[in-house]
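Participant: Have a look at this one.
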Amino acid sequence: MAETRTITFFIALTLFAQEATWNFYDSQVPALLRDHVASAALIGVLMGMDNLLGIVIQPWIGNRSDHTRTHWGRRVPYLVVGMPIAALLFLLLPWTPSLPALIVVMAGYALVMNTMRPLAEALTPDFIAPERRGRTNAIVKIATSLTIIVASLISLFVVDDHPRAAFAIPAVILLVVTVVLIAKVRDNQSPGYRAAVAADEPGAPPSPLRAVVAELVTSRDRRRVFLLLTVFLFGGAWFASRSLMTPYGMEVLALTRGEAGGLTLPSGVAFLLAAYPAALAAERFGRLRVIAAGMTVFAAALVAGALVPSATGTVVVLCIGAAGAACFAINAAVALWNLAPSSRMLGAYTGLYAVTWYLGGFAGPALIGAAVDLLGWRWMLLDTAVLATLAVLVVTRLARLQKAHATTPATA
């Protein structure tokens, strides 16, 4: 138990350091771009470059790390090389003299950090037993969410007086955590790594990512496909509820831009408070059951908000919905890890989860935006609830498949 707590701390610390630079990047790099670019659309395209790279890189590096064998393990060697490089690129961002130079550094930073993120996340299934992964994932989510506060504090107290030096703070955090990682973590000692080595066939080449995807798509066991479809649908609903909330508040609730932008802040606190209980509930009642219940709460809260629109009511339903979303966010990745055919595929499946989530984040706001064009802003919350309800229906089907799978002697 003590070893589990220790490695959970180091995993959370690693992702905290990575997300500290990501959140500061998202808040301050647009200001750097404004020095060179007048078009808000172009700034948005350039800021979205990291997500586009993530869709390509994360499953590839996850699969590559699955087949890496060193005396330090299969994830840590990449992390201890990549994190200092990312810190250096991050430091260079405010010193770039021109737009082409800034874009090159942005692309380099996004490339390296997208390589690091799935490797750090994959340490959870490597080290933690399936029944305890939810708790670890909850702690990791809490730690990464706190980086939003860290980035805000740096922006508030440092950026105006020291705009370039402010970038050094997240970079130093990243470097310090790299040193800790070097000193304390060797994933060659993890159960996942040892199981993967034991499963290796002498002389067999590594399975390419396309083989992993082909096995997923063609397998008669459809549980993983249904789970990824759930991730896509609920990811779309979640991102739509966040990204479209400011214009909704302005158009429907008659709030100012600043007031509307603050509607989601209390729900962020609600998400953090619900994260760990969501993991405990999954251990007691079943992971898929808690995911379905959480998404149902999310959808029902949005329906209530749509029927009685008010600023206070919207804040309340967003808090309730965020607590429900925590049940999904904490347990969905764990469910996918636990369905992976082998410990030799945990990195690839971590990347596939990320890709599906990002694709949902791209498609969801666009789909709900199209519904708003047809039906008006008044029913934006209801439109989003419908998308979340589709996710509930899919995971309900998945739960039936899971029950049938567990009770079939040939596949149990």
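The values are calculated or read from the model by the stated rules, or taken from the named source; none is laboratory data. As the structure is a prediction and not an experimental result, all values here were calculated from the model. Positions of Cβ are backbone-derived with ideal geometry, glycine not excepted, and every protein chain shown enters the neighbour counts. Note: areas computed on protein heavy atoms with side chains; ligands, DNA, RNA excluded. Shrake-Rupley method; radii C 1.70, N 1.55, O 1.52, S 1.80 Å.
Participant: On the basis of being farther than 15 Å from ILE173 by Cβ, assigned to a helix (DSSP H, G or I) and either in contact with a Phe, Trp or Tyr (Cβ under 7 Å, 6 or more places away or on another chain) or not aromatic (Phe, Trp, Tyr) (or both), does LEU13 make the cut?
Facilitator: no
Participant: Hey, can you tell me all the residues within the stretch 35-64 that are in contact with a helix residue (DSSP H, G or I) (Cβ under 7 Å, 6 or more places away or on another chain) and outside any helix (DSSP H, G or I)?
Facilitator: HIS36, VAL37
Participant: Exactly one condition in (1) part of a loop (DSSP other than H, G, I, E, B); (2) surrounded by 14 or more Cβ atoms within 10 Å (Cβ to Cβ) is false for HIS71; which is it?
Facilitator: Among (1) part of a loop (DSSP other than H, G, I, E, B); (2) surrounded by 14 or more Cβ atoms within 10 Å (Cβ to Cβ), the lone unmet condition for HIS71 is (2).
Participant: Which ones in the stretch 158-176 are open to solvent by less than 10 Å² (accessible area, probe 1.4 Å) and either out of contact with any Ser or Thr (no Cβ under 7 Å at 6 or more places or on another chain) or of a type in the set (A, V, I, L, M) (or both)?
Facilitator: ALA166, PHE167, ALA171, LEU174
Participant: Any residue in the stretch 196-216 that is at pLDDT 85 or above, closer than 18 Å to ARG287 by Cα and in contact with a helix residue (DSSP H, G or I) (Cβ under 8 Å, 6 or more places away or on another chain)?
Facilitator: no
Participant: Looking only at the stretch 235-270, filter to residues that are open to solvent by less than 70 Å² (accessible area, probe 1.4 Å) and touching a Lys or Arg at 6+ places or on another chain (Cβ under 8 Å); which one of those is nearest to TRP377 (Cα to Cα)?
Facilitator: Once the filter is applied, the top-ranked residue is VAL252.
Participant: Given the stretch 159-244, what helices (runs of 4 or more DSSP H) lie entirely inside it while holding 2 or more residues that are farther than 30 Å from ALA370 by Cα and touching a residue at least 12 places away in the same chain (Cβ under 8 Å)?
Facilitator: Where helices (runs of 4 or more DSSP H) fall fully within the stretch 159-244 and carry at least 2 residues being farther than 30 Å from ALA370 by Cα and touching a residue at least 12 places away in the same chain (Cβ under 8 Å), they are 168-184, 191-199, 209-218.
Participant: Looking at THR96 and the list (1) open to solvent by less than 40 Å² (accessible area, probe 1.4 Å); (2) closer than 21 Å to ALA332 by Cβ; (3) among the β-branched types (Val, Ile, Thr), which single condition is not satisfied?
Facilitator: Every condition holds for THR96 apart from (2).
Participant: Is the stretch 22-41 home to any residue that is at pLDDT below 90, open to solvent by 50 Å² or more (accessible area, probe 1.4 Å) and touching a Phe, Trp or Tyr at 6+ places or on another chain (Cβ under 9 Å)?
Facilitator: No; the residues of the stretch 22-41 include none that is at pLDDT below 90, open to solvent by 50 Å² or more (accessible area, probe 1.4 Å) and touching a Phe, Trp or Tyr at 6+ places or on another chain (Cβ under 9 Å).
Participant: Give the number of residues within the stretch 78-97 that are farther than 19 Å from GLU19 by Cβ, in a helix (DSSP H, G or I) and in contact (Cβ under 8 Å) with a residue 24 or more places away in the chain.
Facilitator: 2
Participant: From the list LEU359, LEU382, which one is open to solvent by 30 Å² or more (accessible area, probe 1.4 Å), within 15 Å of the chain's Cα centre (by Cα) and touching a residue at least 40 places away in the same chain (Cβ under 8 Å)?
Facilitator: LEU359
Participant: Step by step: first the residues of the stretch 245-283, then only those that are of a type in the set (D, E, K, R) and farther than 28 Å from ARG133 by Cβ, then the one that is farthest from the chain's Cα centre (by Cα). Which residue is that? First the steps, then the outcome.
Facilitator: Restricting attention to the stretch 245-283, the residues satisfying the condition of being of a type in the set (D, E, K, R) are 251, 257, 259, 283.
If we keep only those that are farther than 28 Å from ARG133 by Cβ as well, we get 251, 257, 259.
Values: GLU251: 30, ARG257: 27, GLU259: 27 Å.
Of everything passing the filter in the stretch 245-283, GLU251 is farthest from the chain's Cα centre (by Cα).
Participant: (1) more than 23 Å from THR396 (Cβ to Cβ); (2) within 19 Å of the chain's Cα centre (by Cα): which one isn't true of THR314, the others all being true?
Facilitator: If we test THR314 against (1) more than 23 Å from THR396 (Cβ to Cβ); (2) within 19 Å of the chain's Cα centre (by Cα), just (2) comes out false.
Participant: A follow-up question, please. Kindly list the number of the only condition in (1) under 22 Å from THR356 (Cβ atoms); (2) open to solvent by 50 Å² or more (accessible area, probe 1.4 Å); (3) modelled with pLDDT under 90; (4) not aliphatic (A, V, I, L, M) that fails for GLU131.
Facilitator: The single condition GLU131 does not satisfy is (1).
Participant: Before we move on, is VAL140 part of a helix (DSSP H, G or I) and either of a type in the set (Gly, Ala, Ser) or open to solvent by 30 Å² or more (accessible area, probe 1.4 Å) (or both)? It would help to see each step written out before you state the result.
Facilitator: Values: part of a helix (DSSP H, G or I): yes; either of a type in the set (Gly, Ala, Ser) or open to solvent by 30 Å² or more (accessible area, probe 1.4 Å) (or both): no.
For VAL140, the condition - part of a helix (DSSP H, G or I) and either of a type in the set (Gly, Ala, Ser) or open to solvent by 30 Å² or more (accessible area, probe 1.4 Å) (or both) - is not met.
Participant: Then there's this: Quick check on this structure: which one of THR314, THR384 is modelled with pLDDT of 90 or more, closer than 30 Å to PRO118 by Cα and in contact with a helix residue (DSSP H, G or I) (Cβ under 8 Å, 6 or more places away or on another chain)?
Facilitator: Result: THR384 is the single residue among THR314, THR384 that is modelled with pLDDT of 90 or more, closer than 30 Å to PRO118 by Cα and in contact with a helix residue (DSSP H, G or I) (Cβ under 8 Å, 6 or more places away or on another chain).
Participant: Taking LEU272 as the residue in question, decide whether it is in a loop (DSSP other than H, G, I, E, B) and not charged (D, E, K, R). Break it down stepwise before answering.
Facilitator: On the way: in a loop (DSSP other than H, G, I, E, B): no; not charged (D, E, K, R): yes.
Against the criterion (in a loop (DSSP other than H, G, I, E, B) and not charged (D, E, K, R)), LEU272 does not qualify.
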